[in-house]
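For reference, the structure discussed in these notes is given below.
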Amino acid sequence: MFGCLVAGRLVQTAAQQVAEDKFVFDLPDYENINHVVVFMLGTVPFPEGMGGSVYFSYPDSNGMPIWQLLGFVTNGKPSAIFKISGLKSGEGSQHPFGAMNIVRTPSVAQIGISVELLDSLAQQTPVGNAAVSSVDSFTQFTQKMLDNFYNFASSFAISQAQMTPRPSEMFIPANVVLKWF
């Protein structure tokens with residue numbers, strides 16, 4: 001019913017069902033994860049009037065799980081990207097996974113999905129750090145694009161002694177690109 005994706009890792013589609021309406025994915029080595037994508041597989045839709053709250057859980061210093069609400073997925077919004085890099089400290093919130101004895105190891109975090117009524121999803125408030133970056137997306141895209149351009153152009157840099165005369169090619173000094181950047 002659900003899938004979970006972390007950059008650089010295989011897609012997880014086999015959620016562990018811990019209750020009739022609750023599912024979890026394990027996230028090993030969670031300290032190195034910045035974003036998580038949770039999505040519906042498209043094989044089984046939510047029942048009419050239902051959706052899924054998405055929670056992030058990581059162990060505190062005593063090994064006890066701290067659950068934080070990230071957001072939700074529904075038939076109308078079948079996927080979501082959540083930033084979890086800033087959530088690895090702080091306090092948990094109310095969650096539906098409380099009394100469950102879910103098997104876990106100390107260095108493994110979990111993504112939990114709880115199937116709930118759409119009305120209750122609308123009333124829930126996700127943890128603030130899970131929100132999308134407040135930097136304008138165009139500004140962020142432009143900065144990353146320019147970083148990549150400079151790194152790409154710099155990878156071709158050669159010294160003046162290494163240059164061979166090529167009358168048909170035009171060369172731009174790397175310091176000009178750096179000044180522009």
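Key figures
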read-out	value
Sole exception among (1) modelled with pLDDT of 80 or more; (2) aromatic (Phe, Trp, Tyr); (3) farther than 30 Å from Pro45 by Cα for Phe138, by number	(1)
Residue tally, condition open to solvent by 60 Å² or more (accessible area, probe 1.4 Å) and among the polar types (S, T, N, Q), over segment 69-78	1
Test: residue in segment 95-102 that is among the aliphatic types (A, V, I, L, M) and at pLDDT 90 or above	no
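The values are calculated or read from the model by the stated rules, or taken from the named source; none is laboratory data. As the structure is a prediction and not an experimental result, all values here were calculated from the model. To get the accessible areas, we keep the full protein, side chains included, count just its heavy atoms, and leave off ligands, DNA and RNA. Shrake-Rupley method; radii C 1.70, N 1.55, O 1.52, S 1.80 Å.
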